[in-house]
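Some notes on the structure that comes next.
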Amino acid sequence: MTGRCTSAPPTGQYSGQALQGDRRRSKGGGIARFSAAQLAVLVVATFPQQVCGSGTAILRIDSSGGGSIGNGKSFPAIPAEWTELDNRVSDLPVVKAEADPYGCSKQPRCNGCALLVLQGNCTFAKKAARAEAAGAKLLIVVSATEGPPVGMAAGLKSTTRTAQGPRITAVMVSKKTGRQVILAASRGELLSASCWKHDSPYGDVISEVFFGLLAVALVMLGAWFATEDLRHPEQDQAKFNEEVFAVEEHSGPHFVFFGSVMLTVLFFFMKYLIYLLLFLFASGAVSTTALLLEPLIFKLSPNLRTRKACSIPTRIANLLGLQEDHSCADLIAECVGGALAVAFLIYRNNEAFGWILQDAIAIMLLLTIQRSLRLPNLKVGTLLLVCTFFFDIFWVFLSPLIFQKSVMIEVATGGGTGQSVPMVLKLPTLGGIPGQFKILGLGDIAIPGLLISFLLRHDLVSQTKRCQGYFTAGVIGYGLGLCATFVSLYLMQHGQPALLFLVPGTLVPTFLIAWRKGELHTLWTIDYSPPHAPEGYEELPDAADKHPEPKGGWEEVVIATTAAP
């Protein structure tokens, strides 16, 4: 790609930008354009990659009287270890255990029924034995915790259909599914259950491939947006750089500290704070839509940018990440974002299209984060990624030693609130099971994406061919890291911290190529910070000493860079 480097203004055109970056400190108003929603994404959205509502069976509940179940719904379920589901179980009347809702004591006779019980108080084998003694043909166990259901073991040496083990067909469903069925039964609806095995290996593989391609595409698209100032130097550089903030060396440790505090608070108070997270996520739709859509509106009608529409109070502007003064173009873009935010809050739990609204906001947040945050050099990027690497591992794998359960997974699944944390990409799996989604934390895209953006910026500045540069290797490493995450997920059947694989997948090829080219020191110390401090920032006293003007002036530096192979 060729760049326009023949002139040498002291703003962000290629090498001038590389050498003129300065260190800044905030006066207190410098993050007005960086919304609270974007900060929340970076802090709490490094969620483990997992399947939400996964299962290998389909439980179909039909109602003769309509009601909350309607004409019937299908739910994902996980068969017990002793259940093979070779034959379909069909049209069994659903009976809820009344005297003992856990199904641990003797149950009244219900020949040929589907017995609905709750998890807990006794082993699965005992529940199965009580259901068999009552004459039931299907045992439905409702999970005791929010999130996807777990597998059921007999608790015996033999988990097959032998004389020593259970013989009844048994499945576990999520707590959310159980609530719907119990509510319908409590209203007097006559329910019937059918259950059959779900075989869709190709559907799962295709879903994972599509999910991986989407994540890689978003990382590349975010890097493309982040380097807009280099691709279009004729545009207003001052306006672009007002919206860009340099990541500092202490950002990595600060991320670990504040992220840990936030996760702990969410773990204990999720039922109160989940609605705050939903509001922050929805408010992000307003600021990100304004940032991404306004340039398109300007191209269609340039006069709309020059016509002032209104002004909003400073506090509200800071909260939503908006400007105080609004042109007509800004107002139109924000109205579109506001409509999207309201639609998400109303229809977020709709299984048919709620995930589309959530992903639309999530994608705009990701693009805005990569455009608004910039790694100045490889040193800062390495510190940030290494800190998030250990942060992810601790809160997924080691936190159960302190909190009795994985804090990260508990928060990611809503912590028993019945609401889903929105800071994730969410895609339905192929195979036609309603309520089955794959999720990936936004931080698992945004944080490695900052490094990918840095690599693309360096390739453009150094005029490196795309196939010989760092950007291509970083994208390939990110894709391989995602593949390793998916494989680990299916091998361990447990939510995986994606950064465990994505951090080495992006950093290792970067260091190897830099070492082979002899550019490791250059990447480690170079400064791609924004060339001018945004509003509310001031230059540190020693900034001039750290970035002295080169001999011959900036123009010779830019011309030399242009002539470099």
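The values are calculated or read from the model by the stated rules, or taken from the named source; none is laboratory data. Only a predicted model underlies this, so the values are computations on that prediction, with no experimental measurement involved. Neighbour counts are summed over all protein chains in view; Cβ atoms, including those assigned to glycine, are modelled from backbone coordinates with ideal geometry. Heavy atoms of the whole protein, side chains included, go into the accessibility calculation; ligands, DNA and RNA do not. Shrake-Rupley method; radii C 1.70, N 1.55, O 1.52, S 1.80 Å.
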Just check the range 280-330 against the gyration tensor rule for me: Cα atoms, a ≥ b ≥ c as the square roots of the eigenvalues, rounded for a/c under 1.5, and otherwise prolate or oblate depending on whether a/b exceeds b/c.
-> oblate
Whole-Hz ³J(HN,Hα) from phi, Karplus 6.51 cos²θ - 1.76 cosθ + 1.60, for the range 76-84, glycine and proline x | x, 9, 10, x, 5, 4, 8, 9, 9
Between Leu118 and residues 5 or more places away or on another chain, the pairs with built amide H atoms under 5 Å apart involve Tyr102, Gly103, Val142
Ranked packing of 399-406, 165-172, most packed first, by mean Cβ within 10 Å | 165-172, 399-406
What FRET efficiency would be calculated for the residue pair Glu243, Arg167, taking the C-beta separation as r and a Förster radius of 60 Å, to the nearest 0.05?
-> 0.40
For the pair Leu512 and Phe257, how long in nm is the line joining their label points, each one 7 Å along Cα→Cβ?
-> 3.6
Efficiency by 1/(1 + (r/R0)^6): what FRET value for Glu84 and Cys467, r their Cβ-Cβ distance, R0 = 45 Å, to the nearest 0.05?
-> 0.30
Ignoring ligands, DNA and RNA, what percent of the accessible area of the range 365-478 is carbon or sulfur (1.4 Å)?
-> 65
Kindly rank 446-453, 306-313 from highest to lowest mean number of other beta carbons found within 10 Å of each residue.
-> 446-453, 306-313
Run the quick spin-label model on Phe268 and Lys379: label points 7 Å from Cα toward the beta carbon, then report their separation in nm to one decimal.
-> 3.8
Stretched fully, the stretch from Ile182 through Ile393 gains (0.36 nm per residue minus C-alpha distance, one decimal, in nm) 72.2 nm
Once both label points are put 7 Å beyond Cα along the C-beta direction, the Val209-Thr306 separation in nm becomes 5.2
Count charges around Ser462 for me, please; just the other residues with Cβ under 14 Å from its Cβ, Lys/Arg as +1, Asp/Glu as -1.
-> +2
So who's got an amide H within less than 5 Å of the one on Phe245, skipping anything under 5 residues away but keeping other chains? H placed 1.01 Å off N, in plane.
-> Leu373, Arg374
Within the set Lys73/Lys106; Lys96/Lys137; Lys73/Lys271; Lys73/Lys126; Lys127/Lys197; Lys271/Lys405, which residue pairs have Cα atoms separated by over 25 Å?
-> Lys73/Lys106; Lys73/Lys271; Lys73/Lys126
In debye to the nearest 20, how big a dipole does the range 81-144 give about its Cα centre with +1 on each Lys and Arg Cβ and -1 on each Asp and Glu Cβ?
-> 220
Most to least packed among 497-507, 379-389 [average Cβ atoms within 10 Å] = 497-507, 379-389
What shape does the range 444-503 take by its C-alpha gyration tensor, where a ≥ b ≥ c are the square roots of the eigenvalues and a/c under 1.5 counts as rounded, a/b above b/c as prolate, and the rest as oblate?
-> prolate
